[in-house]
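The values are calculated or read from the model by the stated rules, or taken from the named source; none is laboratory data. Predicted model only: the values in this text are computed from it and were never measured. Every residue, glycine as well, gets a Cβ built from its backbone with ideal geometry; the counts of neighbours run over all protein chains shown. For accessibility, only protein heavy atoms count, side chains too; no ligands or nucleic acids. Shrake-Rupley method; radii C 1.70, N 1.55, O 1.52, S 1.80 Å.
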Amino acid sequence: MIKFKDDFLWGAAASGPQTEGNTNKSNLNVWDLWFEREPNRFYNQLSSSIACDTYNRYEDDVRMMKDINLNSFRTSIQWARLIEDLETSAVSQDAVEFYNAYINELLDNDIEPIINLYHFDMPAELMTKYGGFESKYVVDLFVDYTKKCFELFGDRVKYFTIFNEPIVPVEGGYFYDFHYPNKIDSKLGIQVAYNSILAQAKAIAEFKKLDLSCEVGTTLNLTPAYPRSNHPADVKASEICDVIFNRSFVDPSVKGTFPKLLLEILSENELIPEYTSDELEIIKSNTVDFLGLNYYVPRRVCAPAKAPNTDGPWMPEWYFDNYSMPGSRNNPHRDNNEIYPVALYDIAKDVQENYSNIKWYLAEIGISITGEENMRDENGVVDDSFRTKLFKEHMIELHRAIEEGSNCFGVHQWTFIDNWSWLNSHKRRYGFYFLDLETRERYIKKHALWFKEMIKNNGF
């Protein structure tokens, strides 16, 4: 029997832009804007205008959370919904009423809300006018927005997180073209990364002034970078990959400083962002109380086979090649992505050994299955036993790390209901509940029934 501690948080993770739909939303976000401009970039040309229609169905959704024994749930407040006037940070009363009602409904059902404040959803107006987090003016507008959230909801919310995976808009928007604004501009991308870290620290500084009893953290995708071999060139490649994609955000979030190796790489490529000594002091003085960590697949790298084209834009891949390990287990339901539960143990030990064993929770673990619409029985139930099997394997590795002292306090599966997922729209499904795209009705899956019993027993 694998048993977890009595106060362990079991739940699901989602976000506002992927679930709520656009009913009564104050402003467009960058995903609304991008869909208007290039709907062909989105799978089956499906937008987030309806998504799970959570704005209108949140009471039923919370009841379904209760039905499967969830004791916690992470979602996000949308900047573009809460703030009616983006320049003055005046709030929408409709949005305040919605989020208050949603949070209260969770609490009334003994479900602990973990509220994230930014999930890839820059308001379109601020992107169009100022370039979003390219601008330090927008950083200050974001801090004003977070302060409103703390003031409005901090009397009931025990855990806030500032960002979800802040490196992803940098990768997608400025390196690899899978997020708006679709720029291939590494210098600008590094500035966005720095400004995001500054925004987080400034938000935490405002949080401290309010003297609330809750805690503030951030959510990062801290994914191990495994070298192909013990050859020094492969090991160096993995170290550089790790410092770019992992340490770049976790170090300033937890330690208040930037890794030396990262600064060396940026300096030698003339990529150091614009900063001030006062800003560095703000970052140093305003670190997180806890981490949310997301894990899906491992990253494997090797020394690059060819020298980079230094006449082209700087890319992280100047220093490594991505590598597919022969004989690896792969998920046939999602692009043959590697299945490697041991990585979760390695993540837990990394935090324990290199980040003062800061408290953390598994904010996302997602097991994607495509084609679930063809896997339903006569009652509409999806047989996703594949998901249960893999989830158990990952939990065994997490439990091993906890037994060795890792300070993990919960697990949230991505996601509660199959939600809208960026360029993939509804192609990949992850939820405890199947979403019918015609009716928006929800149907329970077999994994949810297993999860319900696991929570009841606090183990398996």
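Quick notes
- Per this entry, residue 300 is not counted among residues that are of a type outside the set (Phe, Trp, Tyr) and part of a loop (DSSP other than H, G, I, E, B).
- Residue that is farthest from residue 26 (Cα to Cα), among those in segment 95-138 that are β-branched (Val, Ile, Thr) and surrounded by fewer than 24 Cβ atoms within 10 Å (Cβ to Cβ): 111
- Residue match in segment 190-209 (condition: touching a residue at least 24 places away in the same chain (Cβ under 8 Å), part of a loop (DSSP other than H, G, I, E, B) and over 22 Å from the mean Cα position of the chain (by Cα)): no
- Within segment 116-137, tally of residues that are of a type in the set (A, V, I, L, M) and either part of a strand (DSSP E or B) or farther than 25 Å from residue 152 by Cα (or both): 1
- Residue in segment 358-371 that is of a type outside the set (D, E, K, R), under 27 Å from residue 435 (Cα atoms) and touching a Gly at 6+ places or on another chain (Cβ under 6 Å) present: yes
- For segment 50-62, a residue qualifies if it is assigned to a loop (DSSP other than H, G, I, E, B) and open to solvent by 60 Å² or more (accessible area, probe 1.4 Å), and exactly one does: 50.
- Verdict on residue 271 being assigned to a helix (DSSP H, G or I), over 30 Å from residue 74 (Cβ atoms) and of a type in the set (A, V, I, L, M): no
- Residue, most open to solvent (accessible area, probe 1.4 Å), within segment 366-384, restricted to residues that are of a type outside the set (D, E, K, R) and touching a helix residue (DSSP H, G or I) at 6+ places or on another chain (Cβ under 6 Å): 367
- Of all residues in segment 1-34, those being small (Gly, Ala, Ser), open to solvent by 20 Å² or more (accessible area, probe 1.4 Å) and under 21 Å from the mean Cα position of the chain (by Cα) number 0.
- Against the list (1) surrounded by fewer than 19 Cβ atoms within 10 Å (Cβ to Cβ); (2) at negative phi; (3) among the polar types (S, T, N, Q), the condition residue 219 fails is (1).
- Pairing residues of segment 359-383 that are at positive phi with residues that are part of a strand (DSSP E or B) and open to solvent by less than 30 Å² (accessible area, probe 1.4 Å), at Cβ distances under 8 Å and at least 6 apart in sequence or on separate chains, gives 380/434.
- Members of segment 425-458 that are within 16 Å of the chain's Cα centre (by Cα) and open to solvent by 10 Å² or more (accessible area, probe 1.4 Å): 430
- Among residues of segment 270-318, those that are under 28 Å from residue 349 (Cβ atoms) and touching a Lys or Arg at 6+ places or on another chain (Cβ under 8 Å), counted: 10
- Looking only at residues of segment 292-325 that are touching a helix residue (DSSP H, G or I) at 6+ places or on another chain (Cβ under 7 Å) and hydrophobic (A, V, I, L, M, F, W, C), we find that the one that is farthest from residue 395 (Cα to Cα) is 314.
- Qualifying residue in segment 140-156 (condition: open to solvent by less than 10 Å² (accessible area, probe 1.4 Å), in contact (Cβ under 8 Å) with a residue 40 or more places away in the chain and assigned to a loop (DSSP other than H, G, I, E, B)): yes
- Matching option when the condition is outside any loop (DSSP other than H, G, I, E, B) and within 30 Å of residue 452 (Cα to Cα), among 80, 101, 95: 101
- One residue alone among 362, 344 is assigned to a helix (DSSP H, G or I) and modelled with pLDDT of 95 or more, and that residue is 344.
- Tally of residues being exposed (fewer than 14 other Cβ atoms within 10 Å of the Cβ) and under 20 Å from residue 164 (Cα atoms) across segment 247-283: 1
- Considering each residue of segment 312-319 in turn, none proves to be over 25 Å from residue 183 (Cβ atoms) and surrounded by fewer than 19 Cβ atoms within 10 Å (Cβ to Cβ).
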